Amino acid sequence: MASGMDESRPVRALILSGGGARGAYEAGVAAALAERIHFDIVCGTSIGAINGFAVAQGMADKLEAIWREAAELNVAQYRPEVGALVRLWGELHSVLAHGSVPSHLRDLLALCEGLPGLRNLPQLEKVLGLLDSAHMRAVVTGYARRENLRSALLLAVTNLTNVCGTVFAQFPSDYPDPARAAEVMARKNFEPITDENYVDAICASAAIPGAFDPVRALCKDGRRRTFVDGAFTNNTPLRPALEAGATEIIAISVDPLVSPDVEHEVRDIRDVVTLALEAAVSKMVQVDLELLELANAEIDRGNLPGKRRVTLREVRPDGALPIDPLDFTEPGVIAALVAEGRRDAERMLDAAPVA
(Lines give C-alpha, C1' and ligand atoms only; values in the text may rest on other atoms or scores of the structure.)
Protein backbone atom coordinates (compact mmCIF):
# COMPACT_ATOMS: atom_id res chain seq x y z
CA MET A 1 0.00 0.00 0.00
CA ALA A 2 1.34 3.44 -0.87
CA SER A 3 2.77 5.35 2.12
CA GLY A 4 0.62 8.25 3.23
CA MET A 5 -2.50 6.86 1.59
CA ASP A 6 -5.68 7.17 3.63
CA GLU A 7 -6.68 3.53 3.93
CA SER A 8 -10.13 4.45 5.24
CA ARG A 9 -10.90 6.24 1.99
CA PRO A 10 -12.67 4.01 -0.54
CA VAL A 11 -11.30 3.77 -4.07
CA ARG A 12 -14.42 3.70 -6.22
CA ALA A 13 -14.58 2.13 -9.67
CA LEU A 14 -17.26 2.10 -12.35
CA ILE A 15 -17.28 -0.89 -14.70
CA LEU A 16 -18.96 -0.47 -18.09
CA SER A 17 -19.39 -3.60 -20.18
CA GLY A 18 -19.97 -4.05 -23.90
CA GLY A 19 -23.32 -4.50 -25.60
CA GLY A 20 -23.56 -2.39 -28.75
CA ALA A 21 -26.68 -0.24 -29.03
CA ARG A 22 -27.89 -1.70 -25.73
CA GLY A 23 -25.21 0.55 -24.23
CA ALA A 24 -27.81 3.33 -24.30
CA TYR A 25 -29.19 1.75 -21.11
CA GLU A 26 -25.67 1.76 -19.67
CA ALA A 27 -25.31 5.45 -20.57
CA GLY A 28 -28.43 6.28 -18.56
CA VAL A 29 -27.16 4.35 -15.54
CA ALA A 30 -23.71 5.97 -15.76
CA ALA A 31 -25.14 9.48 -16.08
CA ALA A 32 -27.31 9.04 -12.98
CA LEU A 33 -24.49 7.50 -10.94
CA ALA A 34 -22.02 10.22 -11.90
CA GLU A 35 -24.38 12.88 -10.57
CA ARG A 36 -23.99 11.47 -7.05
CA ILE A 37 -20.65 9.65 -7.03
CA HIS A 38 -17.11 10.55 -8.04
CA PHE A 39 -15.40 7.48 -9.46
CA ASP A 40 -11.62 7.24 -9.02
CA ILE A 41 -11.51 4.58 -11.74
CA VAL A 42 -13.61 4.13 -14.87
CA CYS A 43 -13.13 0.87 -16.77
CA GLY A 44 -14.84 0.36 -20.14
CA THR A 45 -15.03 -2.25 -22.85
CA SER A 46 -16.56 -1.86 -26.32
CA ILE A 47 -19.54 0.52 -26.10
CA GLY A 48 -18.57 0.81 -22.43
CA ALA A 49 -15.35 2.50 -23.55
CA ILE A 50 -17.40 5.18 -25.31
CA ASN A 51 -19.66 5.71 -22.30
CA GLY A 52 -16.62 5.45 -20.06
CA PHE A 53 -14.47 8.19 -21.55
CA ALA A 54 -17.36 10.64 -21.12
CA VAL A 55 -17.71 9.74 -17.43
CA ALA A 56 -13.94 9.92 -16.85
CA GLN A 57 -13.83 13.36 -18.50
CA GLY A 58 -16.53 14.63 -16.14
CA MET A 59 -19.07 14.98 -18.92
CA ALA A 60 -21.55 12.24 -18.11
CA ASP A 61 -24.25 14.86 -18.60
CA LYS A 62 -23.34 14.81 -22.32
CA LEU A 63 -23.97 11.08 -22.74
CA GLU A 64 -27.52 11.55 -23.98
CA ALA A 65 -26.27 14.03 -26.61
CA ILE A 66 -23.53 11.61 -27.66
CA TRP A 67 -26.10 8.85 -28.16
CA ARG A 68 -28.45 11.16 -30.00
CA GLU A 69 -25.62 12.07 -32.38
CA ALA A 70 -24.72 8.39 -32.84
CA ALA A 71 -28.32 7.66 -33.84
CA GLU A 72 -28.46 10.60 -36.24
CA LEU A 73 -25.26 9.47 -37.96
CA ASN A 74 -26.23 5.78 -37.82
CA VAL A 75 -22.78 4.74 -36.65
CA ALA A 76 -23.35 1.12 -37.72
CA GLN A 77 -24.16 1.63 -41.41
CA TYR A 78 -22.57 -0.40 -44.19
CA ARG A 79 -19.42 0.92 -45.81
CA PRO A 80 -20.23 2.19 -49.35
CA GLU A 81 -19.05 -0.80 -51.36
CA VAL A 82 -20.83 -3.27 -49.08
CA GLY A 83 -23.99 -1.14 -49.00
CA ALA A 84 -24.02 -1.05 -52.79
CA LEU A 85 -23.75 -4.82 -52.94
CA VAL A 86 -26.58 -5.23 -50.42
CA ARG A 87 -28.83 -2.89 -52.41
CA LEU A 88 -27.95 -4.67 -55.65
CA TRP A 89 -28.84 -8.02 -54.12
CA GLY A 90 -32.14 -6.59 -52.91
CA GLU A 91 -33.01 -5.34 -56.37
CA LEU A 92 -31.94 -8.61 -58.00
CA HIS A 93 -34.04 -10.58 -55.53
CA SER A 94 -37.00 -8.34 -56.33
CA VAL A 95 -36.55 -8.89 -60.06
CA LEU A 96 -36.37 -12.67 -59.66
CA ALA A 97 -39.34 -12.76 -57.32
CA HIS A 98 -41.71 -10.34 -59.03
CA GLY A 99 -41.00 -10.19 -62.75
CA SER A 100 -39.34 -11.73 -65.74
CA VAL A 101 -35.61 -11.27 -65.91
CA PRO A 102 -35.46 -9.97 -69.55
CA SER A 103 -38.01 -7.23 -68.94
CA HIS A 104 -36.09 -5.92 -65.92
CA LEU A 105 -32.55 -6.51 -67.14
CA ARG A 106 -32.17 -3.00 -68.56
CA ASP A 107 -33.37 -1.46 -65.28
CA LEU A 108 -30.98 -3.68 -63.36
CA LEU A 109 -28.02 -2.63 -65.49
CA ALA A 110 -28.98 1.01 -65.03
CA LEU A 111 -29.06 0.44 -61.29
CA CYS A 112 -25.55 -1.05 -61.38
CA GLU A 113 -24.25 1.98 -63.26
CA GLY A 114 -25.92 4.30 -60.75
CA LEU A 115 -24.38 2.83 -57.60
CA PRO A 116 -20.97 4.50 -57.10
CA GLY A 117 -20.04 2.00 -54.41
CA LEU A 118 -20.00 -0.80 -56.98
CA ARG A 119 -16.86 0.68 -58.53
CA ASN A 120 -15.09 -0.36 -55.33
CA LEU A 121 -16.26 -3.99 -55.44
CA PRO A 122 -12.81 -5.25 -56.51
CA GLN A 123 -11.55 -3.98 -53.13
CA LEU A 124 -13.98 -6.16 -51.15
CA GLU A 125 -11.40 -8.90 -50.70
CA LYS A 126 -9.32 -6.37 -48.70
CA VAL A 127 -12.21 -5.23 -46.51
CA LEU A 128 -11.67 -5.96 -42.80
CA GLY A 129 -15.08 -4.77 -41.62
CA LEU A 130 -18.52 -4.61 -43.25
CA LEU A 131 -19.53 -1.38 -41.51
CA ASP A 132 -18.16 2.13 -41.97
CA SER A 133 -15.99 2.95 -38.95
CA ALA A 134 -15.75 6.64 -39.83
CA HIS A 135 -19.09 7.59 -38.24
CA MET A 136 -18.32 6.24 -34.77
CA ARG A 137 -14.85 7.78 -34.94
CA ALA A 138 -16.40 11.13 -35.82
CA VAL A 139 -18.62 11.00 -32.72
CA VAL A 140 -15.71 10.04 -30.46
CA THR A 141 -13.39 12.67 -31.94
CA GLY A 142 -15.97 15.36 -31.29
CA TYR A 143 -15.95 14.75 -27.53
CA ALA A 144 -12.70 12.98 -26.53
CA ARG A 145 -10.22 15.33 -24.81
CA ARG A 146 -7.45 13.57 -22.90
CA GLU A 147 -6.54 16.72 -20.96
CA ASN A 148 -10.05 16.71 -19.46
CA LEU A 149 -9.72 13.28 -17.82
CA ARG A 150 -10.57 13.58 -14.10
CA SER A 151 -10.62 9.88 -13.22
CA ALA A 152 -8.35 7.00 -14.05
CA LEU A 153 -9.54 5.62 -17.38
CA LEU A 154 -8.88 1.98 -18.29
CA LEU A 155 -9.99 0.77 -21.74
CA ALA A 156 -9.94 -2.97 -22.47
CA VAL A 157 -8.99 -4.01 -26.02
CA THR A 158 -8.05 -7.22 -27.78
CA ASN A 159 -4.52 -7.14 -29.17
CA LEU A 160 -4.43 -9.00 -32.50
CA THR A 161 -0.73 -8.38 -33.07
CA ASN A 162 0.30 -10.20 -29.91
CA VAL A 163 -2.90 -12.26 -29.52
CA CYS A 164 -3.72 -11.14 -25.98
CA GLY A 165 -5.79 -8.77 -23.91
CA THR A 166 -4.45 -5.24 -23.43
CA VAL A 167 -5.56 -2.22 -21.40
CA PHE A 168 -4.99 1.40 -22.44
CA ALA A 169 -4.87 3.47 -19.27
CA GLN A 170 -4.25 6.88 -17.77
CA PHE A 171 -4.17 7.80 -14.07
CA PRO A 172 -4.65 11.41 -12.94
CA SER A 173 -1.98 13.17 -10.90
CA ASP A 174 -4.22 13.14 -7.80
CA TYR A 175 -4.94 9.41 -7.94
CA PRO A 176 -5.31 8.15 -4.33
CA ASP A 177 -2.68 5.40 -4.73
CA PRO A 178 0.08 6.70 -7.05
CA ALA A 179 2.42 3.82 -6.23
CA ARG A 180 -0.21 1.32 -7.34
CA ALA A 181 -0.84 3.34 -10.50
CA ALA A 182 2.87 3.30 -11.37
CA GLU A 183 3.05 -0.44 -10.73
CA VAL A 184 0.06 -1.10 -12.98
CA MET A 185 1.37 1.05 -15.82
CA ALA A 186 4.69 -0.83 -15.75
CA ARG A 187 2.95 -4.10 -16.58
CA LYS A 188 3.38 -5.52 -20.05
CA ASN A 189 -0.34 -5.68 -20.85
CA PHE A 190 -0.94 -2.01 -19.99
CA GLU A 191 -0.37 0.77 -22.52
CA PRO A 192 -0.39 4.50 -21.69
CA ILE A 193 -3.11 6.70 -23.15
CA THR A 194 -1.53 9.60 -25.04
CA ASP A 195 -2.80 12.48 -27.12
CA GLU A 196 -1.92 10.50 -30.23
CA ASN A 197 -3.64 7.22 -29.33
CA TYR A 198 -6.59 8.38 -27.17
CA VAL A 199 -9.26 8.29 -29.90
CA ASP A 200 -7.67 5.14 -31.37
CA ALA A 201 -7.89 3.34 -28.01
CA ILE A 202 -11.57 4.22 -27.56
CA CYS A 203 -12.47 3.18 -31.11
CA ALA A 204 -10.39 0.01 -30.89
CA SER A 205 -12.25 -1.12 -27.78
CA ALA A 206 -15.52 -0.85 -29.74
CA ALA A 207 -14.26 -2.33 -33.04
CA ILE A 208 -16.36 -5.50 -33.30
CA PRO A 209 -14.37 -7.96 -35.48
CA GLY A 210 -15.92 -8.40 -38.90
CA ALA A 211 -18.23 -5.45 -38.37
CA PHE A 212 -15.74 -2.58 -37.93
CA ASP A 213 -12.17 -2.26 -39.14
CA PRO A 214 -9.44 -3.14 -36.61
CA VAL A 215 -7.61 -0.09 -35.27
CA ARG A 216 -3.87 0.53 -35.36
CA ALA A 217 -2.75 2.31 -32.19
CA LEU A 218 0.61 3.60 -30.97
CA CYS A 219 2.13 1.68 -28.05
CA LYS A 220 4.75 2.62 -25.44
CA ASP A 221 7.60 1.01 -27.40
CA GLY A 222 6.89 3.33 -30.35
CA ARG A 223 5.31 0.60 -32.49
CA ARG A 224 1.75 0.50 -33.79
CA ARG A 225 -0.23 -2.64 -33.10
CA THR A 226 -3.62 -3.82 -34.31
CA PHE A 227 -6.54 -3.94 -31.86
CA VAL A 228 -10.22 -4.91 -31.89
CA ASP A 229 -13.12 -5.06 -29.48
CA GLY A 230 -12.15 -5.76 -25.88
CA ALA A 231 -15.23 -7.94 -25.40
CA PHE A 232 -13.29 -10.96 -26.67
CA THR A 233 -10.79 -10.79 -23.81
CA ASN A 234 -12.43 -8.68 -21.08
CA ASN A 235 -16.05 -7.69 -21.70
CA THR A 236 -16.71 -6.74 -18.06
CA PRO A 237 -13.32 -5.35 -17.00
CA LEU A 238 -13.38 -6.14 -13.28
CA ARG A 239 -9.78 -7.32 -13.12
CA PRO A 240 -8.18 -4.06 -14.32
CA ALA A 241 -10.16 -2.21 -11.64
CA LEU A 242 -8.94 -4.63 -8.98
CA GLU A 243 -5.38 -4.33 -10.21
CA ALA A 244 -5.69 -0.54 -9.94
CA GLY A 245 -6.72 -0.84 -6.28
CA ALA A 246 -10.51 -0.45 -6.39
CA THR A 247 -12.28 -1.20 -3.10
CA GLU A 248 -15.86 -0.25 -4.04
CA ILE A 249 -17.06 -1.31 -7.48
CA ILE A 250 -20.30 -0.65 -9.31
CA ALA A 251 -20.65 -2.73 -12.48
CA ILE A 252 -23.23 -2.01 -15.18
CA SER A 253 -24.50 -4.83 -17.36
CA VAL A 254 -26.88 -4.55 -20.30
CA ASP A 255 -28.06 -8.13 -19.83
CA PRO A 256 -30.67 -9.26 -17.30
CA LEU A 257 -29.92 -12.15 -14.97
CA VAL A 258 -30.80 -15.33 -16.85
CA SER A 259 -30.90 -18.84 -15.44
CA PRO A 260 -28.37 -21.21 -17.05
CA ASP A 261 -31.32 -23.54 -17.57
CA VAL A 262 -32.77 -21.18 -20.20
CA GLU A 263 -32.38 -22.61 -23.70
CA HIS A 264 -31.69 -20.41 -26.74
CA GLU A 265 -32.62 -20.97 -30.36
CA VAL A 266 -29.84 -20.91 -32.95
CA ARG A 267 -31.51 -19.53 -36.11
CA ASP A 268 -28.75 -17.86 -38.10
CA ILE A 269 -25.06 -16.98 -38.13
CA ARG A 270 -25.65 -13.93 -35.92
CA ASP A 271 -27.07 -16.20 -33.21
CA VAL A 272 -24.03 -18.47 -33.51
CA VAL A 273 -21.60 -15.57 -32.99
CA THR A 274 -23.68 -13.79 -30.32
CA LEU A 275 -24.33 -16.85 -28.20
CA ALA A 276 -20.72 -18.07 -28.44
CA LEU A 277 -19.50 -14.64 -27.30
CA GLU A 278 -22.05 -14.53 -24.48
CA ALA A 279 -20.84 -17.92 -23.24
CA ALA A 280 -17.21 -16.76 -23.29
CA VAL A 281 -18.07 -13.47 -21.57
CA SER A 282 -20.09 -15.24 -18.89
CA LYS A 283 -17.16 -17.52 -18.14
CA MET A 284 -14.71 -14.59 -17.91
CA VAL A 285 -16.96 -12.75 -15.46
CA GLN A 286 -17.48 -15.92 -13.41
CA VAL A 287 -13.71 -16.40 -13.05
CA ASP A 288 -13.19 -12.77 -11.98
CA LEU A 289 -15.99 -12.98 -9.41
CA GLU A 290 -14.58 -16.20 -7.98
CA LEU A 291 -11.14 -14.57 -7.64
CA LEU A 292 -12.74 -11.59 -5.92
CA GLU A 293 -14.54 -13.85 -3.44
CA LEU A 294 -11.35 -15.80 -2.73
CA ALA A 295 -9.37 -12.60 -2.13
CA ASN A 296 -12.00 -11.24 0.24
CA ALA A 297 -12.04 -14.53 2.14
CA GLU A 298 -8.24 -14.41 2.55
CA ILE A 299 -8.42 -10.78 3.72
CA ASP A 300 -11.06 -11.73 6.30
CA ARG A 301 -8.71 -14.43 7.59
CA GLY A 302 -5.88 -11.91 7.87
CA ASN A 303 -3.76 -13.69 5.27
CA LEU A 304 -3.31 -10.69 2.98
CA PRO A 305 -1.88 -7.85 5.10
CA GLY A 306 -2.17 -4.43 3.46
CA LYS A 307 -5.00 -5.56 1.18
CA ARG A 308 -8.49 -4.16 1.54
CA ARG A 309 -11.85 -5.85 1.14
CA VAL A 310 -13.67 -5.15 -2.14
CA THR A 311 -17.42 -4.65 -2.42
CA LEU A 312 -19.29 -5.13 -5.69
CA ARG A 313 -22.73 -3.85 -6.67
CA GLU A 314 -24.40 -4.44 -10.02
CA VAL A 315 -26.98 -2.53 -12.04
CA ARG A 316 -28.73 -4.40 -14.83
CA PRO A 317 -32.12 -4.32 -16.58
CA ASP A 318 -34.98 -6.48 -15.34
CA GLY A 319 -35.60 -7.91 -18.80
CA ALA A 320 -34.00 -8.15 -22.24
CA LEU A 321 -33.50 -4.73 -23.83
CA PRO A 322 -35.66 -4.27 -26.97
CA ILE A 323 -32.94 -3.34 -29.45
CA ASP A 324 -30.51 -5.15 -31.72
CA PRO A 325 -26.86 -4.58 -30.68
CA LEU A 326 -26.07 -3.05 -34.09
CA ASP A 327 -29.24 -0.97 -34.47
CA PHE A 328 -28.31 2.65 -33.77
CA THR A 329 -31.09 4.01 -36.00
CA GLU A 330 -33.95 4.23 -33.50
CA PRO A 331 -33.58 7.51 -31.56
CA GLY A 332 -36.88 6.94 -29.74
CA VAL A 333 -35.84 3.49 -28.51
CA ILE A 334 -32.38 4.77 -27.58
CA ALA A 335 -33.86 7.66 -25.57
CA ALA A 336 -36.20 5.23 -23.79
CA LEU A 337 -33.25 2.96 -22.88
CA VAL A 338 -31.27 5.91 -21.50
CA ALA A 339 -34.28 6.85 -19.36
CA GLU A 340 -34.71 3.24 -18.18
CA GLY A 341 -31.05 3.08 -17.16
CA ARG A 342 -31.34 6.33 -15.25
CA ARG A 343 -34.39 5.05 -13.36
CA ASP A 344 -32.67 1.80 -12.39
CA ALA A 345 -29.58 3.64 -11.12
CA GLU A 346 -31.63 6.08 -9.07
CA ARG A 347 -33.67 3.23 -7.62
CA MET A 348 -30.46 1.44 -6.54
CA LEU A 349 -28.97 4.57 -4.98
CA ASP A 350 -32.20 5.45 -3.18
CA ALA A 351 -32.39 1.92 -1.73
CA ALA A 352 -28.72 1.82 -0.67
CA PRO A 353 -27.04 5.26 -0.84
CA VAL A 354 -23.29 5.50 -1.33
CA ALA A 355 -21.73 7.26 1.65
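The values are calculated or read from the model by the stated rules, or taken from the named source; none is laboratory data. As the structure is a computational prediction, the values presented were derived from the model and not from experiment. Counting neighbours? That spans all protein chains shown, and the Cβs are built from the backbone with ideal geometry, glycine included. Side chains are part of the model used for accessible areas, which takes the heavy atoms of the whole protein and leaves out ligands, DNA and RNA. Shrake-Rupley method; radii C 1.70, N 1.55, O 1.52, S 1.80 Å.
Points worth noting:
- Those residues of segment 46-68 which are without any contact (Cβ under 8 Å) to a residue 40 or more places away in the chain and either of a type in the set (S, T, N, Q) or open to solvent by less than 20 Å² (accessible area, probe 1.4 Å) (or both), in sequence order: Asn51, Ala60
- Criterion: open to solvent by 90 Å² or more (accessible area, probe 1.4 Å), among the basic types (Lys, Arg) and part of a helix (DSSP H, G or I) - qualifying residue of Lys283, Lys307: Lys283
- For Ala181, the criteria (1) under 20 Å from Phe39 (Cα atoms); (2) open to solvent by 30 Å² or more (accessible area, probe 1.4 Å) hold in every case but one, which is (2).
- Entry remark, segment 5-24: residues being open to solvent by less than 30 Å² (accessible area, probe 1.4 Å) and either of a type in the set (Asp, Glu) or touching a Cys at 6+ places or on another chain (Cβ under 6 Å) (or both) number 1 in total.
- Evaluation of Ser173 against the conditions (1) farther than 23 Å from Val285 by Cα; (2) buried (at least 18 other Cβ atoms within 10 Å of the Cβ) shows that the sole unmet condition is (2).
- Criterion (touching a residue at least 60 places away in the same chain (Cβ under 8 Å), out of contact with any Lys or Arg (no Cβ under 8 Å at 6 or more places or on another chain) and more than 24 Å from Arg180 (Cβ to Cβ)) met by exactly one of Ala201, Ala211: Ala211
- So Lys220, is it surrounded by fewer than 17 Cβ atoms within 10 Å (Cβ to Cβ) and without any contact (Cβ under 8 Å) to a residue 12 or more places away in the chain: no
- Annotation note: Cβ proximity below 7 Å between a residue of segment 21-45 that is within 16 Å of Ala71 (Cβ to Cβ) and a residue that is part of a strand (DSSP E or B) and open to solvent by less than 10 Å² (accessible area, probe 1.4 Å) (sequence gap 6+ or interchain) occurs for Glu26/Leu16; Glu26/Ile252.
- Just one of the listed residues (Glu298, Glu314) is surrounded by fewer than 17 Cβ atoms within 10 Å (Cβ to Cβ) and at pLDDT below 90, namely Glu298.
- Those strands (runs of 3 or more DSSP E) of segment 141-222 in which at least 1 residues are modelled with pLDDT of 95 or more, among the hydroxyl-bearing types (Ser, Thr, Tyr) and under 30 Å from Arg270 (Cβ atoms), considering only elements entirely within it, cover 152-159, 164-170.
- Looking across Ala110, Ala71, one residue alone is surrounded by fewer than 13 Cβ atoms within 10 Å (Cβ to Cβ) and either among the β-branched types (Val, Ile, Thr) or at pLDDT 55 or above (or both). It is Ala110.
- Criterion: modelled with pLDDT of 95 or more, farther than 19 Å from Arg137 by Cβ and among the small types (Gly, Ala, Ser) - qualifying residue of Ala49, Ala31, Ala56: Ala31
- Count of segment 223-275 residues which are under 30 Å from Ser151 (Cα atoms), assigned to a loop (DSSP other than H, G, I, E, B) and charged (D, E, K, R): 2
- Contact map, segment 328-355: residues that are open to solvent by less than 50 Å² (accessible area, probe 1.4 Å) paired with residues that are among the acidic types (Asp, Glu), Cβ distance under 6 Å, separation 6+ or inter-chain. Pairs shown: Val338/Glu64.
- Segment 226-272 - residue that is farther than 23 Å from Leu16 by Cβ and under 19 Å from the mean Cα position of the chain (by Cα) and, of those, least open to solvent (accessible area, probe 1.4 Å): Thr226
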